[in-house]
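Heads up, the thing below is written out as structure tokens.
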Ligand code: FES
């Protein structure tokens, strides 16, 4: 049977359907870049600016508010922003549109948490 994929996948490739699931966090997933390049690398990386510690803090704060599960914060590799300072985070909300931020993991974490809560409840 001809492959109906409009992207031109070869008929030789097995295209059996994938199993779709609906986890509790699917409308609120936060991708937090934790990429750590070696010192002296040509591009900066978020992992040197507190990404892992921030993830733990966000998880604890969201658990305390009963939102962990509806929201999931996961570390990701490079999101191709690579700021000189700060951490890159991308939030996928209910609308399907994502918002991406670069922020200071220490000084702006409270504002970030508020934004996540607003989007989760909004
Ligand atoms: S290293 Fe974080 S976005 Fe590239």
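Rule-based calculations on the coordinates, nothing more; no lab input. The shown structure was predicted, so the numbers you read here are calculated from the model rather than taken from an experiment. Note: ideal-geometry Cβ built from the backbone for every residue, glycine included; neighbour counts use all protein chains shown.
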How do 52, 85 rank when sorted from fewest to most other Cβ atoms within 10 Å of their own Cβ? 85, 52
So for 18, 35, fewest C-beta neighbours within 10 Å to most, what's the order? 18, 35
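Would you order 108, 118, 39 from fewest to most other beta-carbon atoms within 10 Å of each residue's own beta-carbon?
The fewest-first ordering by Cβ neighbours comes to 39, 118, 108.
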Using mean Cβ contacts within 10 Å as the protection proxy, how do 21-29, 54-62 order, highest first? 54-62, 21-29
Using only Cα atoms, tell me the angle between helix 109-121 and the longest principal axis of the chain; keep it within 0 to 90° and round to the nearest 10. 40
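Ordered by packing density, taken as the mean number of other Cβ atoms within 10 Å over each peptide's residues, highest first, how do 71-77, 11-17 rank?
Details: 71-77: 17.0, 11-17: 7.0.
So the order, starting with the most tightly packed, is 71-77, 11-17.
Sort largest first and round to whole Å: the equivalent ellipsoid semi-axes of region 4-95, each the square root of five times a Cα gyration tensor eigenvalue.
Working: eigenvalues 182, 109, 19 Å².
Gyration-tensor ellipsoid for region 4-95: 30, 23, 10 Å.
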Sorting check: for 86-92, 41-47, which peptide has the highest mean count of neighbouring beta carbons within 10 Å, and how do the rest follow? 86-92, 41-47
Helix-only [θ]222 nm of the chain, DSSP H runs n ≥ 4, -39500 (n - 2.57) each, per residue, nearest 500: -7000 deg cm²/dmol
